[in-house]
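The values are calculated or read from the model by the stated rules, or taken from the named source; none is laboratory data. Bear in mind that the values here come from a model prediction, so they are computed numbers and not experimental data. Positions of Cβ are backbone-derived with ideal geometry, glycine not excepted, and every protein chain shown enters the neighbour counts. Areas reflect the complete protein model, heavy atoms only, side chains present, ligands, DNA and RNA absent. Shrake-Rupley method; radii C 1.70, N 1.55, O 1.52, S 1.80 Å.
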Amino acid sequence: MSPQMIDRLWQAGLDTLVMVGASAGIAVLGGLPLALFLVTSGPGGIFPAPRTNRMVGTLVNGFRAVPFIVLLVALIPFTRLVTGTTIGVWAAIVPLAVSATPFFARIAEVSLREVDAGLVEAAQSIGCRRRHILIHVLLPEALPGIVGGFTITVVSMIGASAMAGAVGAGGLGDVAIRYGYQRFDTTVMAAVIAILVAIVCLVQLVGDTVVRRLTAR
Amino acid sequence: MAEVTGSLAFERLRDPGGRIATGARVVPVARATTAPRTAGSVRFEAVSKSYRTVTGTVRALEAIELTIPAGAIFGIIGRSGAGKSSLLRTINRLEEPSSGRVLVDGEAVGTLDADGLVALRRRIGMIFQHFNLLSAKTVRQNVALPLAVAGVAKAEIGPRVDEVLRLVGLEDKADVYPSRLSGGQKQRVGIARALVTRPEILLCDEATSALDPETTLSILELLRDINRRLGITVVLITHEMSVIREVCSDVVVLERGRVAETGPVWRVFGRPTHSATRALLEPLTRALPEDLAARLQPHRTPGAALVLRITCAGEAPDLAALGAAAPSVRLIQAGLDRLQGRAVGRMIVAVADPDPEVEARLRALGAEIERIGYVAADD
Ligand SMILES: Nc1ncnc2c1ncn2[C@@H]1O[C@H](COP(=O)(O)OP(=O)(O)O)[C@@H](O)[C@H]1O
Ligand SMILES: [Mg+2]
């Protein structure tokens, strides 16, 4: 492989990390409150609002139903509005974040739902207000599951970011398609795959370690 | 005994067996008086509760009228599904009655706003069958939570947490996570968490049902200690009649959401008037001796002895008077116990050659007599 190619791969790897990192950050900031809302606003929840709950739930399902590649294209006007462009790393972050947020919200919702209702009741019985229940009961008790779900989200976003490369977002997917696929450069293809595998393994390892730390109590 | 003003001081005690018993040696000034406590009473007025489910409406409580006096250890018993938990949970409004009112110290809990409800719940501790401790927090953090959310200053939280942990005998476990504790230790943490706000009432929903008999005894001992030393009203649900017998002063029997009977334990257990109570007490009642049961006949035959059951609730029968009223009386079986300073139990006696007046004479002594049947004399 030429030094330019190594340089190109290095740059593409960084682009991928920026895309995934930024959109994962947005997914947590948006998805966690969304998950908390979905869990607590249902019937019998601590902030009951069944109608809004149903509406938000449907919206989330809508975004979840659209395949990423379609979302990528469908969101182009919105992306231009937000970032002023439709190509490059920053333009790819918009559809990535929009697709990852509801995904992560649903995964986090499952973990939050698994928190024993008895714990919420115990918290109420000792004079906790609803915000205390969010802070002291729901989030900490669901944290291992939420972290595990975040790992899954990041890994699936690494895959999605490669697809974003196909529409000019840059990153490892872009390199793989332009050199590996269109120019039949098998070495580049293999290198991209190796790098992606390495990143995914690292993310999974870190996620698993954090979960283990949190549950070994 | 030195008096410590301002706060509770707990001191560790050791019983002769070497096991650790803990308790407050010194009560706060406000509670050191001998006057009857006024804080910690609960009154139910026509409380009904129904749940709407997909299959229809379940009427869990119907027109409950009941008073729990301050300072009592009040037992709630009844079959599964009788409405015990529903009733208990209306006290701190974890459950809202469909109609009627619940008064705590004369204050209607149903009309409280959010702040009032939080304040009320800080006056009422609760412990649960499955402990319900936060797994992500240490013992100390679990116990500190009620104070932390109440905005108590950090400097004050530490000593108060230490104090209640000492009371329940867990000061050496303060920094471990609940998953490292045994069931009995978890329930002690639950009790510490419930007591740290210095409540007037402690609610216990099957608090010992998940524990082995020995641990159950030690937790009951602790509850009794808390009641006696701190004067906290304890309301407890249990399906173990021995628990009621062991620790309770008063009891209510619920049957299908209604009060079947209520009163001091010695009276309800000594002379149950409702079939639901009798059914619950069945495991504690001894059956008729087998040989006697086999020979029992409903009608009198020449030479047969009359078999009577004498029920005691309050005072033990005067044996001399018994003998005078029924000259040839023989004791067949007896189980007499003292509950709360009263004689409670039943005796089975056989009266040989009974004359027609014998039962009336025995009743005249004030004994509660029930005719079981006749047995022919031994061959
Ligand atoms: N949240 C609920 N929703 C529907 N039905 C309930 C609910 N809680 C209790 N019930 C019903 O109310 C009745 C009384 O329940 P409960 O108070 O838990 O009885 P107990 O504690 O004596 O076993 C039962 O028939 C039970 O099925
Ligand atoms: Mg129950």
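Some notes on this structure:
- Filter pass, A:R212 being open to solvent by 40 Å² or more (accessible area, probe 1.4 Å), over 25 Å from A:G25 (Cβ atoms) and over 18 Å from the mean Cα position of the chain (by Cα): no
- Yes/no for B:A108 being closer than 26 Å to A:H132 by Cα, within 13 Å of chain A (Cβ to nearest Cβ), small (G, A, S) and over 16 Å from the mean Cα position of the chain (by Cα): no
- Within the set B:D175, B:D212, the sole residue that is among the acidic types (D, E), closer than 23 Å to B:F74 by Cα, more than 16 Å from ligand 2 (Cβ to nearest atom) and in the same structural domain as B:P69 (by TED's automatic domain parsing) turns out to be B:D212.
- Every test in (1) within 14 Å of chain A (Cβ to nearest Cβ); (2) surrounded by fewer than 20 Cβ atoms within 10 Å (Cβ to Cβ); (3) closer than 25 Å to B:A136 by Cβ is passed by B:S182 save one, and that test is (1).
- Residues satisfying the stated conditions in the range B:57-88, i.e. within 16 Å of ligand 2 (Cβ to nearest atom), over 16 Å from the mean Cα position of the chain (by Cα) and either acidic (D, E) or in a helix (DSSP H, G or I) (or both): B:S86
- Restricting the first member to the range B:72-96 and to residues that are small (G, A, S), and the second to residues that are within 6 Å of ligand 1 (Cβ to nearest atom), the beta-carbon pairs closer than 6 Å and six or more apart or on different chains are B:G78/B:K84; B:G83/B:A60; B:S86/B:A60.
- Residue among B:N142, B:N132 that is within 16 Å of ligand 2 (Cβ to nearest atom) and within 21 Å of B:I219 (Cβ to Cβ): B:N132
- The criterion of at least 2 residues that are away from chain B (no Cβ under 14 Å) and at pLDDT 95 or above is met by the following helices (runs of 4 or more DSSP H) wholly inside the range A:82-170: A:89-113, A:139-165.
- Tally, over the range A:107-131, of residues that are buried (at least 19 other Cβ atoms within 10 Å of the Cβ) and closer than 24 Å to A:F150 by Cβ: 8
- Positions within the range A:61-107 being among the basic types (K, R) and out of contact with any Pro (no Cβ under 8 Å at 6 or more places or on another chain), in sequence order: A:R80, A:R106
- Residue count for the range B:52-96, restricted to those that are within 7 Å of ligand 1 (Cβ to nearest atom), among the hydroxyl-bearing types (S, T, Y) and exposed (fewer than 14 other Cβ atoms within 10 Å of the Cβ): 2
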